[in-house]
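Have a look at the structure below, then the notes.
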Amino acid sequence: TTWTNGRTATDWMKKRVDSIEGKSIYAHRMSVVEPVFGNIGTNKRLSRFSLRGKSKVQGQWRMFCLVHNIEKLMRYGAIN
């Protein structure tokens with residue numbers, strides 16, 4: 001339970017997500033972040049990293065993200 005009023009953290013989070021502002025933020029989640037992972041995983045076929053070591057994996061991940069962002073700029077143009 002939380003120290004504020006005896007409700008659980010889950011109850012507190014449900015109240016936040018079910019609010020008007022929470023629903024707006026949560027609905028935006030599907031259109032903002034998750035398609036990026038789907039595009040990189042499915043279209044770019046990155047199901048596993050081909051390098052070993054944290055710094056090399058980070059470099060490979062950043063390269064895939066860079067390609068994703070360049071394709072977005074190419075397709076939609078820069079937003080001013």
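The values are calculated or read from the model by the stated rules, or taken from the named source; none is laboratory data. Keep in mind that what you see is a predicted model, and the values were worked out from it rather than measured. All Cβ positions, even for glycine, are placed from backbone atoms using ideal geometry, and neighbour counts span all protein chains on display. With ligands, DNA and RNA removed, areas are computed over all heavy atoms of the protein, side chains included. Shrake-Rupley method; radii C 1.70, N 1.55, O 1.52, S 1.80 Å.
Remarks
- For region 9-77, Kirkwood radius (reciprocal of mean inverse C-alpha pair distance, Å): 14.6 Å
- Gain on full stretching of the segment that runs from residue 63 to residue 75 - 0.36 nm per residue minus C-alpha separation: 2.5 nm
- Rounded to the nearest 10 square angstrom, residue 23 shows an accessible area of 120 square angstrom against a 1.4 Å probe.
- Surface per residue (accessible, 1.4 Å probe) for region 9-77, Å²: 88 Å²
- Efficiency of FRET from Cβ geometry, residue 47 and residue 24, R₀ 30 Å, rounded to 0.05: 0.35
- In sequence order, region 7-15 has phi-based couplings of 7, 7, 4, 5, 4, 4, 5, 4, 5 Hz under the Karplus curve 6.51 cos²θ - 1.76 cosθ + 1.60, θ = phi - 60°, and Gly or Pro positions carry x.
- Percent accessible area from carbon and sulfur atoms, region 9-77, protein chains only, probe 1.4 Å: 60 percent
- Sequence-distant lysines (8 or more away, or on other chains) whose Cα lies within less than 25 Å of residue 72: 44, 56
- Probe 1.4 Å, all protein chains present, accessible-area order of 50, 19, largest first: 50, 19
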